[in-house]
Amino acid sequence: MEQALSLAKLALGQASPNPAVGAVVVKEGVVVGQGYTQPPGSHHAEVLALKQAGEQARGNAMYVTLEPCCHQGRTSPCTKAIISAGISEVHMAMLDPNPLVSGRGRDELQQAGIKTYLGKHEEEAREINEAYIKFITTGLPFVTAKFAMSLDGKIATKEGHSRWISGTESRKYVHCLRYTSDAIMAGVNTMLVDDPHLTTRCSGGKGGIARKQPLRVIVDGRGRTPLDSRVFREPGNTLLVVGHKLEPKERAAFEKAGAEVMEPPQEYDKVDLEILLRDLGKREITSVMVEGGGILLGSLFDLGLVDKVIAFIAPIIIGGANARSAVVGEGVSKVTEAFHLERVRVEKLGDDLMVSGYVAARGN
């Protein structure tokens, strides 16, 4: 199962909106077939593992990180492939929360005389598919707030200078986080101050740029993003989300620059972030990593829309009353009302500390 989990991680960011699944076929203690979920429309992990195992699958065991699907989607049901291959027992880390499956896959295997086992390494399996689990049960993407800050909580100096707060190792890791995300979100002030690329260089591609890029989502209430911004020239797609109807010439200029423009159904002073996340869910975006700035992050926290936090803390002191903070927004009135993180992890990346955790339900 540990090997299956390692395989599943290879599918993160590439299999969406499908879950990232790993599967291995074992004969007398030896792995004879393995696979992980391919991009939508291609093979699932179980089918690849069975193809590799061939006749050696008959009478032997499969270990899979998620309950095999039993419904017809872009591909045929994995349960039928498992039954046809003659697998005698299936070990599943967890049941699929998809209402179309959710126990039915296991039942179908049992009815075919296949022994099933459930729950080995379930916590790890759930973490790998945390975005899929939220998306398939709510229709909303999983939102991760990511920021790098100094030891005194600043993301930029009083003059707005922010390169580079975090170290080389942290920045490399961020590219891997982008690679496993369906979308990267940033606010207009980040565009104006930093003019970021918002691309991932974690895997392959010309010049180090990954072949598959996450959707870049720019939250820009008043349409102030410069037309020559780097995000419009990079590989992949950029979605510019504005808070009001643009003039036809404005919209045409953004589209010519390389953006897809999303306007609200009616006039607002700012972008409605809840509506935006629902719209992203309709596009089958299962995960969004928000990279700033402080106003956007603060608004998401104020609305209770953040699921996970990943903070890089550099061993530097910036100071300054007017230096920018990582999270702005309305904030809370009392420390007892603060957002608490649970399942917290602390890791060292070079000289930086990376603190990650999940936003606890209020009142916990």
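Computed from the coordinates by the stated procedures, all read-outs in this text should not be read as laboratory data. Just so it is clear, the structure is predicted and the values come from calculations on it, not from any experiment. Heads up, the Cβs are rebuilt from the backbone with ideal geometry, glycines too, and the neighbour counts pull from every protein chain shown.
Counted residue by residue at 0.36 nm each, then reduced by the alpha carbon distance between them, the extension gain from ARG343 to ARG222 reaches 39.8 nm.
Normalised by the number of residues in the chain, the average gap of Cα pairs under 8 Å and 6 or more apart makes the relative contact order 16 percent. State whether region 157-289 is rounded, prolate or oblate according to the following rule on the C-alpha gyration tensor (a ≥ b ≥ c being the square roots of its eigenvalues): a/c under 1.5 gives rounded; otherwise a/b larger than b/c gives prolate, and the remaining case gives oblate. Because a/c hits 1.5 or more and a/b exceeds b/c, region 157-289 counts as prolate. For region 144-152, backbone phi angles converted through the Karplus equation (6.51, -1.76, 1.60; θ = phi - 60°) give residue-by-residue couplings of 10, 8, 10, 7, 10, 9, 6, 4, 9 Hz, Gly and Pro being listed as x.
If you take the Cα Rg of region 1-94 and divide it by 2.2 N^0.38 Å, with N the number of residues, what do you get?
0.95
When the GluC sites (Glu not before Pro) in region 281-364 are filtered for DSSP coil states and for at most 12 other beta-carbon atoms within 10 Å of their beta-carbon, the remaining sites are GLU330.
Each residue of region 323-333 is assigned a 3J(HN,Hα), and the resulting list reads 5, 6, 9, 5, 10, 10, x, 6, x, 10, 8 Hz, derived from the Karplus form 6.51 cos²θ - 1.76 cosθ + 1.60 (θ = phi - 60°), x at Gly and Pro.
For region 246-364, the calculated P(r), taken from all Cα-Cα distances in 10 Å bins from zero up to the bin holding the longest distance, is 10, 30, 34, 19, 7 percent. Under the simplified labelling scheme, the SER84-THR137 pair shows an inter-label distance of 3.3 nm, with each label point 7 Å from Cα along Cα→Cβ. Computed from the alpha carbon atoms alone, the convex hull of the chain holds 157 Å³ per residue.
Find the percent of Cα-Cα distances in region 311-364 that exceed 13 Å, and round it to a whole number. I get 72 percent for the Cα pairs in region 311-364 exceeding 13 Å. When the Cα gyration tensor is reduced to axis lengths a ≥ b ≥ c, the ratio a/c is 1.5 or higher for region 79-126, and with a/b not above b/c it is classed as oblate.
For the chain, there are no membrane-span-like helices by this rule, meaning no whole DSSP H stretch whose C-alpha atoms cover at least 20 Å of axis and whose Kyte-Doolittle mean is 1.0 or above; this says nothing about an actual membrane.
So what's the back-of-envelope 222 nm ellipticity for the chain, counting only DSSP H runs of four-plus at -39500 (n - 2.57) apiece and dividing by all residues, rounded to 500? Walk me through the numbers on the way to the answer.
Numbers: 11 runs with 97 residues, N = 364.
For the chain, the value works out to -7500 deg cm²/dmol.
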